[in-house]
Structures are given as structure tokens and as C-alpha cells.
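To start, the structure itself, in C-alpha cells.
Values in this text are rule-based calculations from the coordinates and carry no lab data. On a predicted model such as this, the values are computed, not experimentally measured, just so you know. With ideal geometry, Cβ positions are generated from the backbone for all residues, glycine too; neighbour counts draw on all protein chains shown.
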Amino acid sequence: MAEYAFNSPVTNQTKYQVCSITKTFTAVLILQLIKQGKIDLNKKIINYLPDYKGGRRP
């Protein structure tokens, strides 16, 4: 049920609130990339995102 109180079914247009769960998804995907040897946590983010402007640069 999409809306239990209104007895409305779930459809392909049903929207869900995902809130902070996306942080968990992102972390799992990053760990999978590390396991596959595609990224290294010891490297700076600009190695993977050269146009990244956030944070400090030496």
C-alpha cells in the first residue's frame, strides 16, 4: 500500500521518502569500488574529480 490510510496501491509513479539512506548507498558503492581496485581512499578526490572546487587545495 502506498497510502495505507487511503487504501491506495503502489504504482510505478509512487514516490517514497529516502531521507538519509542515500548516504548508506553511497558508502556501500564506494566500498565496492575500493574492493574492485577502481579507487583508493588514500588518494585525493581531485584524482577522480579533477574539476572539484570544494575543500582545500595545497
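Here are a few things to note about the model shown:
- Unit charges at the beta carbon, dipole of the chain: most positive-side option, Y16, T26, G54: G54
- K38/A5 FRET efficiency (R0 30 Å; Cβ-Cβ; nearest 0.05): 0.10
- About the Cα centre, charge dipole magnitude for the chain (Lys/Arg +1, Asp/Glu -1 at Cβ), debye: 460
- Backbone amide hydrogens, once placed in the peptide plane, bring I39 within less than 5 Å of I34, excluding anything fewer than 5 places away on its chain.
- For F25, F6, order by how many other beta-carbon atoms lie within 10 Å, fewest first: F6, F25
- Per-selection Rg to Rh, region 4-47 - Cα, Kirkwood hydrodynamic radius: 1.28
- Total lysine pairs in the chain at Cα distances under 24 Å, for residues eight or more apart or on different chains: 11.
- Our coupling estimate for region 34-48, obtained by passing each phi through the Karplus curve with A = 6.51, B = -1.76, C = 1.60 and θ = phi - 60°, is 5, 4, 7, x, 8, 9, 10, 5, 7, 8, 6, 4, 5, 5, 9 Hz, Gly and Pro reported as x.
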